[in-house]
Amino acid sequence: MAAPHVGAGTVSVQEHLRRILDATRRLPSERVPLRAAAGRTLAADLRAVLAVPAFDNSAMDGFAVRWADVAQASGDSPVVLDVVGDLPAGSEHDPALGPGQAVRIMTGSVVPTQADTVVPLEDTREGLVDGQAHVTVLTAPRHEGRHVRRLGEDVAVGDPLLRAGTRLGPRHVAAALSAGHTEVEVVRTPRLAVFSTGSELVDDGSPLGRGQIPESNGAMIAQLAAEAGVEVVHTGVVPDDDGHLVEVLREVRHDTDVVVLTGGVSAGAYDVVKSALGSTGEMGFWTVRMQPGKPQGFGVTADGRLLVGLPGNPVGAAVSWEVFVRPALLTMQGRSDAHRRVVRLPVTDGWPSSEGRTQYVAVELDTSDPGQWRVRPVSVGCSGSHLVASLARADGYAVLPEETTQVEAGDLVDVLLVD
Ligand code: AMP
Ligand code: MG
């Protein structure tokens, strides 16, 4: 049976997301030092400027040798070589090495031009000894070139390294530095303002009066934004007063790419976002067929700044962030992965789902069996949009399509992983 609130004029999650993404533009790019680029998104493909490894170098502490000298070495017939040089890491020397000679070499040092193989110290009688003149090789290396890391065996100069749209995490930064980059072209960091509307909200720790509650959406969204690579430039609580909201927005609008407002978007008597911004036409308001997150507001200014109005219910705000706002912010950064990872997992317990609305249920992962992760709703009520305390345990949201009416234990559900 269709839920009574679903009627003409409602839109699907996909339709509303499309509306937002269609209005979202990638921001311009800028060059920044690579070491300061963590978390930024690459604006252009990177190719290797240096080969990795940058030169043939030793994989072990030991002795650089000529393969022909040691190919037959064994415990029964050890090979004694003259030690004619010493190469600590970073040494620029290229000691000459004739037949029957070896050079002490440390991990990472350039292999001498006249050597082709490295014998680890463990395969010698003496090991590494100060001032040693000879070394006795007890075990032949398995093949010529053994324990030599080859120039360019990971990437060669000019090879593709990282693609535009990649978020620079710690491993990307290491790869780019190793391949010779010091600066990168990244997309400008989006600037976001988040305001929580509601005359009942208290955000300064002062004692709560009757009917007042602690503000939580603004703090949650500020952190979610930071995790999405966004700079939060303004935050605050605005009472349910049209004039006040209009004034606050006038002050911050010019230096933000996105303004997120929570609360005041539905059809209540004091729904400030809807009354203040709907009447001017700056924002439109839609009933989206989803639970939670049904009332949504969205607008775009003439110069391309986004205005997003999310429902005030904390779970609704959290889900709406994942479904609509985060994808837009990542698209703004040119990210190739604008969506959370989705994994299909069985549920531990069933629950009813509302037909005609895409349902998002906060779930925690049960990882006790590494071979089969499962998910369980974080609250018994499953989808109450006010159950913010249980939301703390969520690892993700199970997404049930509009037509689903019931989920049974063991059913497979798609889970949007948020942690
Ligand atoms: P609204 O969307 O303004 O009708 O708010 C819906 C519910 O969410 C009400 O119970 C509000 O008190 C609560 N709420 C709204 N904004 C916040 C906020 N920033 N932090 C915590 N709860 C909120
Ligand atoms: Mg409100």
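Descriptive notes on the structure:
- Separation of the LEU208 and LEU50 label points, Cα + 7 Å toward Cβ, nm: 5.6
- Once all protein chains are placed together, PHE285 keeps about 50 Å² accessible to a 1.4 angstrom probe.
- Rounded tilt (10° steps) of 242-252 against the dominant C-alpha axis of the chain: 20
- With 0.36 nm allotted per residue and the present C-alpha distance subtracted, the ASP159-GLN114 stretch has 13.4 nm of extension available.
- Amide H contacts under 5 Å for GLY284, placed H, 5+ residues apart: PHE298, GLY299
- Residues with amide H under 5 Å from that of VAL11, placed H, sequence gap 5 or more: THR287, VAL288, ARG289
- Accessible area per residue, Å², the chain with all protein chains present, probe 1.4 Å: 47
- Accessible-area value, GLU355, 1.4 Å probe, nucleic acids and ligands omitted, Å²: 70
- Cα shape, segment 210-331, gyration tensor, a/c 1.5 rule: rounded
- Electrostatic dipole magnitude of the chain [Cβ: Lys, Arg +1; Asp, Glu -1; Cα centre; debye, to 20]: 920
- Between VAL155 and VAL52, the built amide H atoms are under 5 Å apart, and every one of these is 5 or more places off in sequence or on another chain.
- Within the accessible area of the chain (1.4 Å probe), percent carbon and sulfur: 51
- Residue-wise HN-Hα coupling along segment 333-339, computed from phi with Karplus coefficients 6.51, -1.76, 1.60 (Hz; x: Gly, Pro): 8, x, 5, 6, 10, 7, 10
- Peptides 392-403, 106-117, ordered by how many other C-beta atoms sit within 10 Å of their residues on average, highest first, read 106-117, 392-403.
- Efficiency of FRET between VAL129 and LEU417 - r from beta-carbon atoms, R0 45 angstrom, step 0.05: 0.25
- For the options ASP369, ASP130, ASP69, a Gaussian network treatment of the chain with springs between C-alpha atoms closer than 10 Å singles out ASP130 as fluctuating the most.
- Three-way shape label, segment 342-417, alpha-carbon gyration tensor, a/c 1.5: oblate
- Couplings for segment 173-178, taken from phi via the Karplus curve 6.51 cos²θ - 1.76 cosθ + 1.60 with θ = phi - 60°, read 4, 4, 5, 5, 4, 5 Hz in order; Gly and Pro are left as x.
- The slack in the chain from HIS244 to ALA59, taken as 0.36 nm per residue of separation less the alpha-carbon distance, amounts to 59.9 nm.
- Computed 3J(HN,Hα) for segment 139-152, one whole-Hz value per residue from the Karplus formula 6.51 cos²θ - 1.76 cosθ + 1.60 where θ = phi - 60°, is 9, 6, x, 5, 7, 4, x, 4, 6, 10, 7, 7, 3, x, glycine and proline marked x.
The values are calculated or read from the model by the stated rules, or taken from the named source; none is laboratory data. Everything quoted here is computed from the prediction, not taken from an experiment. Note that each Cβ is placed from the backbone with ideal geometry, even for glycine, and that neighbours are counted across all protein chains shown. Heavy atoms of the whole protein, side chains included, go into the accessibility calculation; ligands, DNA and RNA do not. Shrake-Rupley method; radii C 1.70, N 1.55, O 1.52, S 1.80 Å.
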